[in-house]
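Below is one structure, written out as structure tokens; the observations come after it.
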Amino acid sequence: IGPREVQEWKGQIVELNRDRGYIVVRSQERLLDYVFRLTPKTEITTQGPAKRPLEPGQWVTVQYERNRSREGPPAALRVQVIR
């Protein structure tokens with residue numbers, strides 16, 4: 001296994017599917033949607049007085065591991081709710 005390559009993606013939650021375990025985050029700068037898997041290990045934190053963890057419309061920073069050997073979207077390591 002090579003070194004872990006942790007990257008960050010900032011944007012707004014446009015879709016959240018807890019049942020199927022994924023989140024779609026739209027980047028403001030690039031106008032791109034990125035899909036992340038939510039796993040039991042995903043850490044969810046809030047910055048300031050955020051109401052509830054993970055709601056569509058919230059702005060978040062997602063830290064994820066780039067794993068080229070796996071099919072499908074990357075797993076979110078941490079999702080931080082900004083507002």
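Values computed for the structure shown
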item: Output for segment 25-58, where each listed residue is under 11 Å from the mean Cα position of the chain (by Cα) and under 17 Å from Leu77 (Cβ atoms); result: Val25, Tyr34, Val35, Phe36, Arg37, Leu38, Thr39, Thr42, Glu43, Ile44, Leu54
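Let's see how each residue does on (1) open to solvent by 80 Å² or more (accessible area, probe 1.4 Å); (2) in a strand (DSSP E or B); (3) of a type outside the set (Gly, Ala, Ser); (4) at pLDDT below 95:
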site: Gly11; (1), (2), (3), (4): no, yes, no, no
site: Leu16; (1), (2), (3), (4): no, yes, yes, no
site: Asp19; (1), (2), (3), (4): yes, no, yes, yes
site: Val25; (1), (2), (3), (4): no, yes, yes, no
site: Ala50; (1), (2), (3), (4): no, no, no, yes
site: Leu54; (1), (2), (3), (4): no, no, yes, yes
site: Arg68; (1), (2), (3), (4): yes, no, yes, yes
site: Arg78; (1), (2), (3), (4): yes, yes, yes, no
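The values are calculated or read from the model by the stated rules, or taken from the named source; none is laboratory data. Please read all numbers here as calculations on a predicted model, not as lab measurements. In this analysis, Cβ positions are derived from the backbone assuming ideal geometry, glycine residues included, and neighbour counts consider all displayed protein chains. Quick note on the areas: whole protein, heavy atoms, side chains included, nothing else; ligands and nucleic acids left out. Shrake-Rupley method; radii C 1.70, N 1.55, O 1.52, S 1.80 Å.
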